[in-house]
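Beneath this line is the structure, given in structure tokens, with notes to follow.
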Amino acid sequence: MPGLEDLYREIILDHYRSPRNRGELETPPAHRSEGFNPLCGDEVVVYVDVDDERVINDVRIGGQGCSISQSSASMMSAAIKGKTVEEAREITRAFKAMMSIHEHELGGEVGSGEIDGEIALGDLEALRGVVKFPVRIKCATLSWNTLTQGLDEVTAEP
Amino acid sequence: MTLDTATVKADFPLLEREVNGHQIVYLDSAATSQKPRVVLDAMNEYYETINANVHRGAYTIADLATRRMEAARQKVATFVGAPSAAEVIFTRNATEAINLVSQTWGRANLHDGDVVVLTELEHHANIVPWQILASERDIELRWIPIDDQGRLVLDDIDRLFDGASLVAFSAMSNVLGTITPVRAIADAAHDADAIVLVDASQLVPHVPTDVEALGADFVAFTGHKMCGPTGIGVLWGRRELLEAMPPFMGGGEMILQVTKEGFTTNELPWKFEAGTPAIAETIGLGAAADCLTSLGMDAVREHEVSLTAYALRTLAENHGDKLRIFGPSEPASRGGVLSFEFADVHPHDVSQVLDQHGVCVRAGHHCAKPLMQVLGVNATSRASLYVYNDESDIDALSTALDGAADMFAF
């Protein structure tokens, strides 16, 4: 039986209490995307400032949600800041692979359940315990899906 | 007559189980109630001894199944004071009951420029069906506001009801527990020549209900919140309205005659019950009505008022300013639905910690997002009470909240 200590790791609570990169960016030049969890009403806003070299120069997180969605968004912002769009997508894939062990059971995409060995997730590893609480996977992936949507929109722009 | 909760609890097999090493403490009956053994037995007995389709076969078990199902309809009619079982339409749930009205009565009677009045307390089930109609034709939706205790503000209803064709509202809020003054609202609506639909999903399981005394034209409720199974709900309507309404879904059972040229509808209530009905579930709902009748709905209400008072008092004493309970502060004017905010802990995290203590509460918007917006929150935690809950369940909730405070102490 998974215990709460598997879910609420200290580093998660730290990001929840002191979220990184919280706030807004001016749009444009930054891009704003919004995500909702229809189950609980949580919302996340992701601002990304992507330059001509496709580098994410800055990122800010808005919205509100539970400790898992907020800490995941905070860690995500720290992980992708300064990375290229492609690198951010790689990290997203690695993170979702870590989360997707149960996703196929929920009707979502089928993942390998394996983490890409090339990608270091750092603090994000702390969220590994979330997979033991399938209901919370959507909390952890909310900001990542919103980021993906934002990056898709940025790179689709002429 | 008062409830002996120890005896009541023993009739609900699920309540014997453990969750995460604790005896389960089930505090989510506003979402769905647990089921007593008599309901499960009635459904099993149908399948094991008289399973046959209804209203068709002439053989013995088909006749028994038909009679058992129609007896259940009579039990439900009696339970809510319906003048005739012919006015009791079985649906899948309360949502379908309300959609039945919006799609039949609504399509026939609501036209461009008409007004539908709702309240800020409503569940999505009594909002979206009207928004669907309003998206197809030019219907104005008006909203009765609430005050800071979650009670309807009726000062302005003469203006709100002016020109209204329909007033549709909840008898008891599934979020705040607010019991609304159904009769007064219905009378005012009728004075304005509006039709009245009452969403009684939270009322019927918890408060003695007489549809005639409510003064409504339509009353929708669901089986699974009143000790019955899922998949069975009820629409009660006044006979003359039901007779004038076009049919809902087309198919078997709802017809008297079908030719290549057309069809004629069956008589009430089958006119609105196309296809093979949920026979076992209907029989289960009949058993649930029997069960609640034998407990006594006055006793059920008395038990819940007293337990709600205990909960409001105990939680306030133990958690003080950290806990904010929404809704009316007076137990007699509310049901046992306690939506709350706990410190700065998100409802998802509250319910996660509570689950580790075996305590089941709901976290989220409770299918009432417009109400959440009025309350200025994204989500709440919600503990809701029923016949099998007692003071020990409230104490367990209170203790588990201490665990949440420890985990998230900022």
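The values are calculated or read from the model by the stated rules, or taken from the named source; none is laboratory data. What you are looking at is a predicted structure, and each value in this text was computed from that prediction instead of being measured. So basically every Cβ, Gly included, is an ideal-geometry build from the backbone, and we count neighbours across all protein chains shown. Surface accessibility is based on the protein's heavy atoms, side chains included, excluding ligands, DNA and RNA. Shrake-Rupley method; radii C 1.70, N 1.55, O 1.52, S 1.80 Å.
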* Putting +1 on Lys and Arg Cβ atoms and -1 on Asp and Glu Cβ atoms, find which of B:G21, B:A287, B:V377 reaches farthest to the positive end of the dipole of the protein assembly as shown. => B:A287
* Structure fact -> Sorted list, accessible surface of protein heavy atoms, 1.4 Å probe, largest first, for A:T146, B:T95, B:T276 is B:T276, B:T95, A:T146
* Taking the Cβ-Cβ separation of B:Q74 and B:K322 as r and a Förster radius of 56 Å, what is the calculated FRET efficiency to the nearest 0.05? -> 0.65
* Quick one: grab the alpha carbon gyration tensor of region B:223-338, order the square roots of its eigenvalues as a ≥ b ≥ c, and give me rounded if a/c is under 1.5, else prolate or oblate depending on whether a/b is larger than b/c. => prolate
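Keeping every protein chain in place, order A:E53, B:E122 by accessible area at 1.4 Å, biggest value first, i.e. largest first. Display every interim value, and only then the final one.
Working: A:E53 140, B:E122 0 Å².
These residues rank, largest area first, as A:E53, B:E122.
Are there any trypsin sites (Lys or Arg not before Pro) in region B:63-107 that are in a DSSP loop and have at most 13 other Cβ atoms within 10 Å? List them by number.
Loop-located and lightly packed - none at all.
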* Compare each residue of region A:29-43 in its chain alone against the assembly with all protein chains, and report those whose accessible area goes down by 40 Å² or more; 1.4 Å probe, heavy atoms. => A:C40, A:G41
* Asked: Within chain B, how many Lys pairs sit with Cα atoms under 21 Å apart, leaving out pairs fewer than 8 places apart on the same chain?
  -> 8
* Over region B:278-331, equivalent-ellipsoid semi-axes from the Cα gyration tensor in Å -> 34, 14, 8
* **Spin-label pair B:H124/B:Y310, simplified geometry with 7 Å Cα→Cβ offset, distance in nm** => 3.5
* So how much slack lies between B:S333 and B:D63, counting 0.36 nm per residue of separation and subtracting their Cα-Cα distance, in nm? -> 92.7 nm
* To do: Run through the DSSP bridge list for the protein assembly as shown and note the antiparallel percent, rounded to the nearest 5.
  => 70
* If you bin the C-alpha pair distances of region B:121-184 every 10 Å from 0, what whole percents do you get? -> 19, 51, 28, 2
* To do: Would you calculate the separation in nanometres between label points at B:E45 and B:D406, each defined as 7 Å from the Cα along the Cα-to-beta-carbon direction?
  => 4.8
* **Apportionment of accessible area to carbon and sulfur, the protein assembly as shown, percent (1.4 Å)** => 49
* Structure fact -> Rounded to the nearest 10 Å², the 1.4 Å probe accessible area of B:L375 is 40
* Filter the DSSP H helices in chain B by two things, a Kyte-Doolittle mean of at least -0.5 and an axial alpha-carbon span of 27 angstrom or more, and list the hits by number. => B:60-79, B:297-319
* With a point put 7 Å past each Cα toward its Cβ, work out how far B:Q23 is from A:T27 in nm, to one decimal. => 5.3
* FRET E, pair B:H111, B:H55, Förster distance 30 Å, beta-carbon r, rounded to 0.05 -> 0.25
* Per the Debye formula with a single identical scatterer at each Cα and no solvent contribution, what log10 I(q)/I(0) holds for region B:76-214 at q = 0.12, 0.15 Å⁻¹? -> -0.46, -0.73
* Asked: Using alpha carbon coordinates only, what is the Rg to Rh ratio of chain B, with Rh defined as the Kirkwood radius?
  -> 0.98
* Asked: Relative to the longest principal axis of chain A, what angle (0 to 90°, nearest 10) does the C-alpha long axis of helix A:137-156 take?
  -> 20
* Amide H within-cut-off set for B:W143, under 5 Å, with H built and near neighbours excluded -> B:L118
* To do: With a 1.4 Å probe and every protein chain left in place, tell me how much accessible area B:Y310 has, in Å² to the nearest 10.
  => 40
* How much length is gained if the chain between B:L14 and B:E136 is pulled fully straight, taking 0.36 nm per residue apart and subtracting their Cα-Cα distance, in nm to one decimal? -> 39.4 nm
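Using just the Cα positions, wrap the protein assembly as shown in a convex hull and report its mean projected area in square nanometres, one decimal place.
That works out to 30.4 nm².
What average count of beta carbons from other chains do you get within 10 Å of the Cβ of residues in B:348-354?
Across the residues of B:348-354, the mean count of other-chain Cβ atoms within 10 Å is 6.
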* Measure of size requested: the Rg and Dmax of region A:4-156, with Cα atoms as the atom set and Å as the unit; please supply both. => 14.4, 44
* To do: Could you go through region B:320-326 in sequence order and give the Karplus-derived ³J(HN,Hα) for each residue, using 6.51 cos²θ - 1.76 cosθ + 1.60 with θ = phi - 60°, rounded to whole Hz, and x for Gly and Pro?
  => x, 5, 5, 10, 10, 9, 7
* To do: At 1.4 Å probe size, with no ligands or nucleic acids counted, give the accessible surface of B:M249 in Å², nearest ten.
  => 100
* Can you work out the accessible area per residue across chain B, with the rest of the protein chains kept in place, probe 1.4 Å, in square angstrom? => 39
* Structure fact -> Listed by chain and number, the residues whose amide H is under 5 Å from that of B:N378, excluding neighbours fewer than 5 places away on the same chain and using placed H, are none
* To do: Please list, in chain and number order, the residues 5+ apart from B:D28 or on another chain whose amide H is under 5 Å from its amide H, with Hs placed from the backbone.
  => B:S384
* Structure fact -> Projecting the Cα atoms of B:I139, B:S170, B:V153 onto the charge dipole of region B:127-174, where Lys and Arg contribute +1 and Asp and Glu -1 at Cβ, the residue farthest towards the positive end is B:S170
